[in-house]
Amino acid sequence: MKRRAAVCAWLHAAGWGATLSVVPGAMPAVAWAQADPLVAEHQVKAAYLHKFLDFVEWPATAFGTEQSPYVIGVAGADALADELEVLVARRRPNGRPVVARRLRPGESPADLHVLFVGRGAAARLGALLAAAEKQPTLTVTETEEGFAAGSMISFAVEDKRVRFDVAVRRAEASEVKISSRLLGVARRVVGAPS
């Protein structure tokens with residue numbers, strides 16, 4: 001319970017809107033959270049996934065109605081999925097509810113807005129990314145192999161801080177537009193925005 005309270009306090013204190021509008025190259029407030037020994041890596045990644053919703057645009061066809069929820073699918077990262085379920089209950093980005101969905105082996109990543117493939121799903125990485133490629137789905141991984149295999153965003157831990165790399169052209173090919181504000185705090189951006 002202390003960890004969840006620390007993450008929630010961090011999210012509230014960080015304000016994220018201001019955090020993600022910092023000067024490119026500057027470290028966002030996530031560094032403070034990670035200095036807190038009560039906040040685990042999976043909690044920071046879950047917070048990022050949830051906050052990405054504010055800085056990514058999907059085509060209107062990605063939603064059934066104006067009230068349709070964002071759907072974040074998680075494969076191979078149960079602790080992260082647990083944390084995400086707590087976070088999505090507390091906030092409605094852009095006025096939409098958010099649903100966290102665990103993807104079990106054999107399950108399709110259809111109808112997702114965000115797909116996170118954790119280390120525990122490494123054997124399914126290629127198949128999941130290939131299935132999501134033809135959909136307007138933001139794909140996120142946590143390994144360099146995942147980024148090389150085609151994810152749009154990949155988390156990396158650098159100096160005990162969770163950072164992320166972004167492949168802009170991959171996102172554009174799936175009709176997913178990543179905000180320049182998010183690109184400005186990425187560790188590395190591959191492919192210039194068009």
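Output ³J(HN,Hα) for the stretch 39-48: one whole-Hz value per residue in order, computed from phi by the Karplus curve 6.51 cos²θ - 1.76 cosθ + 1.60 with θ = phi - 60°, and x for Gly and Pro.
3J(HN,Hα) across the stretch 39-48, in whole Hz: 9, 8, 3, 5, 6, 5, 5, 4, 5, 4.
Just for the stretch 99-186, what percent of DSSP beta bridges are antiparallel, to the closest 5?
50 percent
So how many Å³ per residue does the convex hull of the Cα atoms of the stretch 87-186 work out to?
121 Å³
Please list the non-local residues whose amide H lies under 5 Å from the amide H of V189, H modeled 1.01 Å from N, same-chain partners needing a gap of 5 or more.
V166
Rounded to whole Hz and in sequence order, give me ³J(HN,Hα) for the stretch 180-191 from the Karplus expression 6.51 cos²θ - 1.76 cosθ + 1.60, θ = phi - 60°, writing x for Gly and Pro.
Result, rounded to whole Hz: 5, 5, 6, 4, x, 10, 5, 5, 8, 10, 9, x.
Taking amide H positions as placed in the peptide plane 1.01 Å from N, state which residues far from L115 in sequence (5 or more) or on other chains have amide H under 5 Å from it.
When sequence neighbours closer than 5 places are left aside, the close amide H contacts are G73, L138, T139, V140.
In nanometres, what is the gap between the two model label sites at K134 and V157, each 7 Å from Cα along Cα-to-Cβ?
About 3.7 nm, to one decimal.
Would you mind pulling out the separation of the Cα centroids of the stretch 46-108 and the stretch 118-187, in Å?
Centre-to-centre (Cα) distance: 15 Å.
Throughout, read-outs are computed from the coordinates displayed, never taken from laboratory work. The structure displayed is predicted, hence computed values, not measured ones. Positions of Cβ are generated from backbone atoms using ideal geometry, with glycine treated the same way; all protein chains shown enter the neighbour counts.
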